[in-house]
Amino acid sequence: MALARGERASGADGLDPELVARSRAQVGRFAAGQRHVRGLFSGGTLCQEAALILEEGGAAGHSTVDLGDDELTLGRPHPMIDFRLRNERIIAAAEDPTTAVILLDVVLGYGAHPDPAGALIPAVEQARLQAVQAGRALALVASVCGTATDPQDLARQEEKLAAAGVILAPSNAQAARLAALLAEDAGTR
C-alpha cells in the first residue's frame, strides 16, 4: 500500500526502522527480569492477530487477553465502551515485575467510547508511575483502528496517546511486532 501511495515501504519485518529507533530511545532500559508482553485487547480479532505474531517470535511468557470475550463482558458493558476492566488490567500488568511491554488496541467508530484515549490515559499514567517507582521501565504500545471521519477523530486520539507516552504503530500487526522486539531487547539486557 505504501508503494502505491508513492511512500517508502517499511522493512521486511513490517517495522519502520525510524519507529523502532524512536521507540527504543523512548523506553530506556528495562530492569532485570522484564521480558514479557501483556496484550490487553477490546477486539478478539486484533487480539488473535497479536497472539499469533507474538507466538511467531518464539519467546515464551507473553500473554494476550480479549477483554471483549463473552466471559469477561457478562453483566458489564463491552470494553470498547467501558474502559474500567482494561484500565484495571493495565495497572495490574504494570505491577508485574516481568512485564516489559503492555500492548493495546484502541478502536474508534460508532458504538465505541466517545474518547477512548481520554479513558485510557489515567491508567497509562498510573502504570508508568508504578513502574518508575519500582525502578523499572515500561513500554506501552498501541495501534488505533479508525479513520479521520470517525466521531472520535483518529488524529486527535493518536495525539492524546502519544502525549501520554504511548508508542503508536500504524497497524495492530506492527504494534505486536514492535512490542515483541522491545521485549526481546529487554531480555538481552
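The values are calculated or read from the model by the stated rules, or taken from the named source; none is laboratory data. Note that this is a predicted model, so its numbers are computed, not measured. Quick reminder, even Gly has a Cβ in these numbers, built from the backbone with ideal geometry, and neighbours come from all protein chains shown.
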| query | Is it the case that P79 is in contact (Cβ under 8 Å) with a residue 24 or more places away in the chain, more than 20 Å from A139 (Cβ to Cβ) and part of a loop (DSSP other than H, G, I, E, B)? | reply | yes
| field | Sole residue being under 26 Å from R35 (Cα atoms) and at pLDDT below 95, chosen from G187, G165, G111 | value | G187
| remark: Subset of segment 20-45, residues in a helix (DSSP H, G or I) and surrounded by fewer than 17 Cβ atoms within 10 Å (Cβ to Cβ), comes to A21, R22, R24, A25, Q26, G44, T45
| said: For segment 46-93: of the residues being farther than 22 Å from A180 by Cβ and among the small types (G, A, S), which is surrounded by the most Cβ atoms within 10 Å (Cβ to Cβ)? | reply: G68
| Residue check: is A117 under 14 Å from the mean Cα position of the chain (by Cα), surrounded by 16 or more Cβ atoms within 10 Å (Cβ to Cβ) and within 18 Å of A162 (Cα to Cα)? | yes
| task | Scan segment 26-48 for residues that are in contact (Cβ under 8 Å) with a residue 12 or more places away in the chain and more than 24 Å from G165 (Cβ to Cβ) and jot them down. | result | G44, Q48
| Residue that is nearest to G57 (Cα to Cα) [pool: residues in segment 153-186 that are in a helix (DSSP H, G or I) and polar (S, T, N, Q)] | Q174
| request: Within segment 52-65, identify whether any single residue is part of a helix (DSSP H, G or I) and under 18 Å from S23 (Cβ atoms), and answer yes or no. | output: yes
| query | Out of segment 82-105, which residues are within 13 Å of the chain's Cα centre (by Cα) and not in a helix (DSSP H, G or I)? | reply | T99, A100, V101, I102, L103, L104, D105
| For segment 131-152, which residues satisfy the criterion of being surrounded by fewer than 17 Cβ atoms within 10 Å (Cβ to Cβ) and assigned to a helix (DSSP H, G or I)? | V132, Q133
| query | In segment 153-189, how many residues are buried (at least 17 other Cβ atoms within 10 Å of the Cβ) and of a type in the set (V, I, T)? | reply | 2
